Amino acid sequence: MTQIRGYVLAGGKSSRMGTDKALLPVNQRFAIERQCELLQPFCDQGVFIAGSVSAELDQQRWPVVKDDVSHQGPLSGILSAIRHAQQGIAIIIAVDLLTLTHGDIVDLLDQVSLNETPTHDVYFAQSHSDQSDQGSQPLCAIWSVESCLPVLSHQFEAKQRSVVKAWLDLKRQPVVIHDSHLTNVNSPTDFEKFQQSKG
């Protein structure tokens with residue numbers, strides 16, 4: 001049976017937000033708690049916080065996987081997660097994708113389970129309204145650990161920091177997710193809109 005681990009990327013500087021996005025209040029809990037709890041039912045090998053640079057996150061009930069070098073972008077966090085996983089698959093989502101749902105994770109996993117031997121290295125969320133590369137969301141994806149690690153490691157060592165450029169040599173499968181579920185909460189204005197939509 002394939003081992004499944006979950007990771008929430010939380011190593012960004014949150015410069016546009018002005019405060020740690022992982023600690024934003026969402027329904028009487030922190031954003032990081034919301035995201036980790038979202039992954040919990042799917043991950044028999046555990047859920048982890050990837051790339052944390054915050055002492056507050058070290059106190060959460062989910063183990064923290066540190067980046068080798070801080071502030072190198074989301075590719076560094078993805079690599080840290082995949083290296084930690086070692087085998088199986090890793091479900092990796094960003095801490096600021098606060099409108100993702102249980103059903104979205106099910107849809108991603110369904111694509112993986114359609115094949116006893118998965119035919120792709122990455123299954124990623126794709127915008128419903130934008131089927132181009134611009135509408136792809138690599139920070140909501142399922143990664144095959146063994147096949148992705150050498151490719152992403154090589155790209156990172158070559159100073160590549162863009163995920164959508166680093167993964168070009170991987171076999172990728174988009175999974176269409178409604179746009180309203182792929183909204184990044186990056187700024188105070190984004191967070192205000194998110195709160196209004198929930199309330």
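The values are calculated or read from the model by the stated rules, or taken from the named source; none is laboratory data. Predicted model, so just to flag it, every value in this text is computed and none were measured. Here the Cβ positions follow ideal geometry from the backbone for every residue, glycine too, while neighbour counts run over all protein chains shown.
Quick notes
- Phe42 being surrounded by 13 or more Cβ atoms within 10 Å (Cβ to Cβ), among the aromatic types (Phe, Trp, Tyr) and closer than 20 Å to Ile177 by Cα: yes
- Filter pass, Arg83 being of a type in the set (Lys, Arg), modelled with pLDDT of 90 or more and either over 23 Å from Val122 (Cα atoms) or in a strand (DSSP E or B) (or both): no
- Per the conditions (1) under 14 Å from the mean Cα position of the chain (by Cα); (2) assigned to a loop (DSSP other than H, G, I, E, B), the sole criterion not satisfied by Arg61 is (1).
- Failed condition for Asp107, given (1) in a strand (DSSP E or B); (2) out of contact with any helix residue (DSSP H, G or I) (no Cβ under 8 Å at 6 or more places or on another chain); (3) over 16 Å from Leu9 (Cα atoms): (1)
- Evaluation of Ala31 against (1) small (Gly, Ala, Ser); (2) on the phi > 0 side of the Ramachandran plot; (3) within 14 Å of the chain's Cα centre (by Cα) (one fails), failing number: (2)
- Note on the range 125-147: residues that are without any contact (Cβ under 8 Å) to a residue 12 or more places away in the chain and crowded, with 20+ Cβ neighbours inside 10 Å total 0.
- Helices (runs of 4 or more DSSP H) lying entirely in the range 133-199 (those with 3 or more residues that are more than 27 Å from Ile32 (Cβ to Cβ)): 145-157
- Extreme residue, modelled with the lowest pLDDT, among residues of the range 111-152 that are among the charged types (D, E, K, R) and out of contact with any strand residue (DSSP E or B) (no Cβ under 8 Å at 6 or more places or on another chain): Glu116
- Considering residues of the range 1-42 that are in a loop (DSSP other than H, G, I, E, B) and of a type in the set (A, V, I, L, M) only, the residue nearest to His71 (Cα to Cα): Ala10
- For Gln45, the requirement of being closer than 19 Å to Trp167 by Cα, assigned to a loop (DSSP other than H, G, I, E, B) and either of a type in the set (Lys, Arg) or in contact (Cβ under 8 Å) with a residue 12 or more places away in the chain (or both) is not met.
- Candidates Thr101, Thr119, filtered to the one that is of a type in the set (Ser, Thr, Tyr), touching a His at 6+ places or on another chain (Cβ under 7 Å) and surrounded by fewer than 19 Cβ atoms within 10 Å (Cβ to Cβ): Thr101
- Test: residue in the range 49-64 that is surrounded by fewer than 19 Cβ atoms within 10 Å (Cβ to Cβ), touching a helix residue (DSSP H, G or I) at 6+ places or on another chain (Cβ under 6 Å) and within 19 Å of Val176 (Cα to Cα): no
- Filtered by the rule that a residue be farther than 16 Å from Ala90 by Cα and among the acidic types (Asp, Glu), the range 145-183 gives Glu157, Asp169, Asp179.
- Ser14 being within 16 Å of Ala141 (Cβ to Cβ), surrounded by 13 or more Cβ atoms within 10 Å (Cβ to Cβ) and in contact with a Lys or Arg (Cβ under 9 Å, 6 or more places away or on another chain): no
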